[in-house]
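The values are calculated or read from the model by the stated rules, or taken from the named source; none is laboratory data. This one's a predicted model, so the numbers in the text were calculated from it and none came from an experiment. Cβ: placed from backbone, ideal geometry, glycine included. Neighbour counts: every protein chain shown. SASA here: full protein model, heavy atoms, side chains in, ligands and nucleic acids out. Shrake-Rupley method; radii C 1.70, N 1.55, O 1.52, S 1.80 Å.
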There are 6 protein chains.
Amino acid sequence: MRIAYVVPGPMSKGPMGLKEMRRREALLNSWAFTGTEVSVVDVPNGPASIESAYEEALCVPATIDLIMKCEREGFDAAIIGCFGDPGLEAARELVTMPVVGPCESSLLLAASLGHKFSVLTVFDSLIAGQELLAYKAGVRDKLASVRATGIPVLELMKDPEKTKARLIAVAELCVKQDRADAFLFGCMTMSFLDLADEISAAVGAPAVNAGKAALKQAEMLVSMGLSHSKTAFPTPAKMLAGQSFEAMRVA
Amino acid sequence: MRIAYVVPGPMSKGPMGLKEMRRREALLNSWAFTGTEVSVVDVPNGPASIESAYEEALCVPATIDLIMKCEREGFDAAIIGCFGDPGLEAARELVTMPVVGPCESSLLLAASLGHKFSVLTVFDSLIAGQELLAYKAGVRDKLASVRATGIPVLELMKDPEKTKARLIAVAELCVKQDRADAFLFGCMTMSFLDLADEISAAVGAPAVNAGKAALKQAEMLVSMGLSHSKTAFPTPAKMLAGQSFEAMRVA
Amino acid sequence: MRIAYVVPGPMSKGPMGLKEMRRREALLNSWAFTGTEVSVVDVPNGPASIESAYEEALCVPATIDLIMKCEREGFDAAIIGCFGDPGLEAARELVTMPVVGPCESSLLLAASLGHKFSVLTVFDSLIAGQELLAYKAGVRDKLASVRATGIPVLELMKDPEKTKARLIAVAELCVKQDRADAFLFGCMTMSFLDLADEISAAVGAPAVNAGKAALKQAEMLVSMGLSHSKTAFPTPAKMLAGQSFEAMRVA
Amino acid sequence: MRIAYVVPGPMSKGPMGLKEMRRREALLNSWAFTGTEVSVVDVPNGPASIESAYEEALCVPATIDLIMKCEREGFDAAIIGCFGDPGLEAARELVTMPVVGPCESSLLLAASLGHKFSVLTVFDSLIAGQELLAYKAGVRDKLASVRATGIPVLELMKDPEKTKARLIAVAELCVKQDRADAFLFGCMTMSFLDLADEISAAVGAPAVNAGKAALKQAEMLVSMGLSHSKTAFPTPAKMLAGQSFEAMRVA
Amino acid sequence: MRIAYVVPGPMSKGPMGLKEMRRREALLNSWAFTGTEVSVVDVPNGPASIESAYEEALCVPATIDLIMKCEREGFDAAIIGCFGDPGLEAARELVTMPVVGPCESSLLLAASLGHKFSVLTVFDSLIAGQELLAYKAGVRDKLASVRATGIPVLELMKDPEKTKARLIAVAELCVKQDRADAFLFGCMTMSFLDLADEISAAVGAPAVNAGKAALKQAEMLVSMGLSHSKTAFPTPAKMLAGQSFEAMRVA
Amino acid sequence: MRIAYVVPGPMSKGPMGLKEMRRREALLNSWAFTGTEVSVVDVPNGPASIESAYEEALCVPATIDLIMKCEREGFDAAIIGCFGDPGLEAARELVTMPVVGPCESSLLLAASLGHKFSVLTVFDSLIAGQELLAYKAGVRDKLASVRATGIPVLELMKDPEKTKARLIAVAELCVKQDRADAFLFGCMTMSFLDLADEISAAVGAPAVNAGKAALKQAEMLVSMGLSHSKTAFPTPAKMLAGQSFEAMRVA
């Protein structure tokens, strides 16, 4: 099966660049089951990273366009490459293949590992948004806490040891103070540091890599022949009424 | 005080046109307290109407830009002129004046009128989204039901008598079957039909006009010197770090 | 419009006296929109202040009588002048004009200012009651915390600087420890100190004056032609069956 | 042990009269464990029956006075003889013996009999209030439904066969449509018809007599040496500060 | 009435022995109402104590067999003698007499004593299970906290003074930090230390002995002629279809 | 990887027999990713099918023993082959490999397919238990309904066309009346009919085969190197203290 990992910002043009995109693609393919091929693609423009509701809103229209293109090109599923799952509902309205969000996927996986879990996020200002995403995923009652590391996305990779130490320290608070049985990395750049095993061992609780979780969820859905329900994410009424995609936008 | 009612689609260029924009502006000013001046403005491009998650996503970036412009021009508050409150969090991040959503405003008002209330919406496909908005507003437990009329937004004004009859019939189901004590019009075009009093009298329960509710909420906030909390809707971190608004977007 | 602010205790005969009643009336009128006239009235007997369930129960019968009298005298709405909203449901059963509670009004307003809010109350023994009022208002999920200042109602005005310092200190705990985005004064005497702006500035989060919030809610309802639903607050069955108000009481 | 069953209305002066009070007293004593003595007492004035928030508010001050008197006279516990549990919190503030409400007691008992239970009430207008009482008792999640019989309290005893038939019909709806595993009589007059066994047999599900449940709860508490927590129902602060009971009321 | 207290482990053969069984029987009889006779019986084999889901699963089949035997021998009700209420639902399916769990009984009783209560348990690993039992009992919203003492069940009786001191210390945290108004002993061996009165006095909040609570609940149900609903705990379908009890097990 | 599918009843000796076990094994292997090998094993004795809490309790001890044996034999994960997930927590306490329940797995998967989902179960008497399992899985809020087909487990395969028609009819009620966006087969025998695609097409909503979902969940966990948290499912304290497994049981 072919899976598109769609980065909702212009990563190849930004500070991380094409090299990081290819590194992530290689990692994803190394995590995949035999027979799965993952391509990492990015949108032509948008925010450098997504750390606010504003930046999330900015990236959605181009991301949806790219997911539609991926479906036309024959991909079997798409993963939205940002932990906020920007544009998830809208994309599901416009394609029939599965569209997977790393947040939703990793929340559901973490929910199965124990009674409660925590999310490690970037800034305190993202906590309320993460709590809402847990509600949307349906597992709000299993969320022990959301805690921020305070390291901006674009600095997470600068000093991996420092980042790792901070992630361990924050995860330990989740386990000891908030009674989390597991925790997950609430940011794709955190996840692609590929430190889940080390951090899990240090903390003594399972750690979920959101990139891996999204990939496995996509593979699960495609292998089961399942996609998202059209009663939940219906084709827009104007399209059903025969209107072209372009005519929906008044220029 | 000066309040901007920001239509998140290009209404002046669309089927409803500038005439309808001016009619709504006149209505809003007729509803306002002495000393309030309301201006209705629209974005230059976007969807003709908003009836799906996709159309909502499409309209947000231009809507936020326009709200920022309104603040620079001296408005005291902005109302987002769509019942889905598109872009509400993002806009609040970027301005300091109050930004009011008709959905949030009318949900909170309806919550005060009785034990439970219902929302009349356009299509069945919007019910789950409305339920989520009630959760976000904090009053999910008071939502008796969301029921759809089945009349598309752009047809609501074609036959007002038919629309009124349908609204009454659906509202009666909310009151009799779902035990709603009050109900609200979950669509701005429904609200600007200005039929709340007639429909309320026919049904025997209070009816909330979402346009009026948003206006009153804006007037309330401005007159109290209140605006939305910056801990909840913080200025994006990159801006706080000195980056210009333009530099946030990689083209 | 004419609004009655009904004090549910004999304030004019008590330690605060008629002077404080007139000061509050002046404040309320200074906060009102053009065209609103507020009268502060009190009941002839009852508790000196309301700081327990017992004192609340004591004040209700006379308060309802006075609200009925206000309606007969042509007032357009009544505000119950105690943050516990004593007698709110019962009063709404007996009149058709809006009856507004400062607690319900300010909880709904605070809910719109961010993700979570806190209530500053008088004693620890009132916390559980405040949580129940938040549930009744429908916004329990948005309540970050209720914290007590420990200053009795009748001493709040004795040393306004000390009171202000305590309110700031407690509000800071709400924001920093409980993640409240806004807070409100859960006591009318606290609210009528008229310190919301100063305290908000010191704490860095919006502060809701419950007296102002109730006034604005009353103005909103009257200006929209709305009142509370008679399905939620029905006229007592014996009255509907033709029994006189007096005959309901067996002496 | 000696238990006072405190009727919060002037039953001996009303349509039911002293004879009915004595009949209820005899029933309660017949239901009691060996060694328990129950006295039925009523307040000197108040509403003839309690079917609205207004009537409930009217009855509370005299009811609390009577409960305090019962404690002074050596009773070991008091039951508030109305299913709305009027004055429950306030009475618990003022006495140290257990004060039991039939509603709270029977809700907790019904919760133990199956997964869900229903309440049979008098009028539709009481449903929301009953739901709130279930929330206060802590068992809202187990409440399958509240359904009204539509027979006024003062007519329940006029035609017991008709009342019984109606109770069976409504209880069957609770079991079949609402999936209640048990149901309870949400009115003391319903309960004192003493038809729980017959109605239970007809419906095929356990039926809880609220009068019996309150009695058993009182006996349970007294025999275990337990009473209500003073952190939850504290003595009013003014009393703790040495103020006399009378001085709390400004006449 | 005759009540069987069924110990779900082979207590008479284990470290506590027959002497402790008889001591508990004497205590139960001393707590009972006049006319109640309690017999303590144990299963022939199973775990020495129950401190994990595994040990709980081990004990259930023999416990159910013994409860069925008790019913055949004419007991009026059974109490499952372990705070985890192991086998409660299954036992209720197979007998018609009331089967009472100390956990469910004491949770419901504690819920009536204040706004919130806490459970004192043995190990941290049991906290999540206790929270689930509170959900099943329907009173999860009233659970302030579950806190562990860290003393294994089989060591609780070795040094009663040390155990008492620990219970007081943990209960004080529940009251002061978690705002519990009451607390209960979440372990039968804790309860049979019979220290509730002393500990309650030291802490200043009501303490519920789970053994007493279960006994009183059983007495309440038998005296009211009530038992658990057969819609909630139905006879297994194969039995209803005429299959013998033995034939249900394929050997 | 090697996955054990552990049937918690003696299927090879019962009416379905070894042939059905091998058929299920072949199906599971046909659904697996390349490199996965599934073995279906059953316990030596226990109930013929599991349709009550009693039968569930009966099967658990032997099932746990068999899962422990599978781990010793080198399996990488175990699936409990009954939709009630009997013994899930206990088994997780005793092994370190992942133990997967079809109910938990399929609930979490169904939660990701839309806003709400339904469960098709066998009998009405199982509905409350299914609701509890949804709560335990953390997705109770996404459960639209549980509806029973009324066909006993051992008859589901007798007339597959009749079973299919019934499943379609009940699933349609879930979608149309309960607003489910997806549904799942709440019984392994239903799932191994392998009719999900046909039934999904007929109903117009995704259908989740619980056997496939459990397999995919097991493959996901093993491929990610994850297992259940030992803080949630700890090794029993007596074992940690050095006691042998056998010594935990007093014979």
Roughly what % antiparallel, to the nearest 5, for the DSSP beta bridges in the protein assembly as shown? 10
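Using only protein heavy atoms and a 1.4 Å probe, how much accessible area in total is buried between F and E, to the nearest 100 Å²? Let's see the in-between values first.
Working: alone 11590 and 11570 Å², together 20110 Å².
Looking at F and E, the buried total is near 3100 Å².
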Here the correct list, in nm and shortest first, of distances from F:Gly150 to the same site in the other copies, label points 7 Å along Cα→Cβ, is 2.9, 2.9, 5.8, 6.3, 6.6
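Could you check how much of the accessible area of the protein assembly as shown is carbon and sulfur, as a whole percent, using a 1.4 Å probe?
52
Just subtract the alpha-carbon distance of D:Lys19 and D:Ala169 from 0.36 nm times their residue separation and send over the number in nm, one decimal.
Working: separation 150, 0.36 × 150 = 54.00 nm, distance 2.97 nm.
Extra length available between D:Lys19 and D:Ala169 comes to 51.0 nm.
For region A:103-212, what does the accessible surface come to per residue with a 1.4 Å probe? Please give it in Å². Spell out each step's value before the answer.
Numbers: 3460 Å² over 110 residues.
I get 31 Å² per residue for region A:103-212.
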For region D:103-212: span of alpha carbons on each principal axis (Å, largest first): 35, 27, 26
Which whole-angstrom value gives the distance between the alpha carbon centres of region F:120-175 and region F:67-115? 20
Given labels modelled 7 Å from the Cα in the Cβ direction, how far is it in nm from C:Leu132 to F:Lys158? 5.6
Any aspartates and glutamates whose Cα falls less than 16 Å from that of E:Lys238, other than same-chain ones fewer than 8 residues away, would be E:Glu93, E:Glu246, F:Glu51, F:Glu55, F:Glu56, F:Asp124, F:Glu155
With runs of 4+ DSSP H residues as the only contributors, calculate the mean residue ellipticity of chain F at 222 nm using -39,500 (n - 2.57) per run, divided by the residue total and rounded to the nearest 500. -13500 deg cm²/dmol
Put a label point 7 Å from Cα along the Cβ direction on D:Arg72, then list its distances to the equivalent points in the other copies in nm, shortest first. 3.5, 6.1, 7.6, 7.6, 8.8
Relative contact order (%) - criterion: Cα under 8 Å, at least six apart; region: region C:1-132: 26
Measuring nothing but label to label, 7 Å from Cα along Cα→Cβ, what are C:Lys162's distances to the other copies in nm, shortest first? 4.8, 4.8, 6.6, 7.2, 8.4
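How crowded by other chains is F:189-200, given as the mean number of beta carbons from other chains within 10 Å of each beta carbon? Walk me through the numbers on the way to the answer.
Working: counts 0, 0, 0, 0, 0, 0, 0, 3, 3, 0, 0, 3.
Taking all residues of F:189-200 together, the mean is 1.
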Taking every residue of C:89-100, the Cβ atoms of other protein chains inside 10 Å of its Cβ average out to 3
If you count, for every residue in A:56-64, the Cβ atoms of partner chains within 10 Å of its Cβ, what is the mean? 5
Both in Å, the radius of gyration and Dmax of the C-alpha trace of chain E are 17.7, 57
Take chain E, connect every pair of alpha-carbon atoms lying under 10 Å apart with a spring to form a Gaussian network, then pick out the residue of E:Ser125, E:Ser39, E:Ser106 with the largest mean-square fluctuation. E:Ser125
I'd like the projected area of the protein assembly as shown, averaged over all directions, using the convex hull of its alpha carbons. Report it in nm² with one decimal. 50.8
Between D:Ser30 and D:Thr96, Cβ-based FRET efficiency (R0 41 Å, step 0.05) works out to 0.90
Rough spin-label spacing in nm, given labels placed 7 Å along Cα→Cβ, for F:Gln243 and C:Asp124: 3.9
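Explain nothing, just the number: relative contact order of chain F, from Cα pairs under 8 Å at least 6 residues apart, as a whole percent.
On the way: 461 pairs, mean separation 51.7, N = 251.
After rounding, I find 21 percent.
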Solvent-accessible surface (1.4 angstrom probe) belonging to D:Met157, in square angstrom, nearest 10: 60
Mean projected area in nm² (Cα convex hull; one quarter of hull surface) for region B:7-141: 8.8
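Take every DSSP beta bridge whose two residues both sit in region C:103-212, then give the antiparallel share in percent to the nearest 5. Let's see the in-between values first.
Working: 0 of 11 bridges.
Roughly 0 percent of the DSSP beta bridges within region C:103-212 come out antiparallel.
Using Cα-Cα distances under 8 Å and only pairs 6 or more residues apart, what relative contact order does region A:101-188 have, in percent? Don't skip to the end; give the middle numbers.
On the way: 131 pairs, mean separation 37.9, N = 88.
Reported as a whole number, the value is 43 percent.
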Residue pairs, from the table A:Lys164/B:Lys230; D:Lys230/E:Lys136; B:Lys136/F:Lys142, whose Cα atoms sit over 20 Å apart: A:Lys164/B:Lys230; D:Lys230/E:Lys136
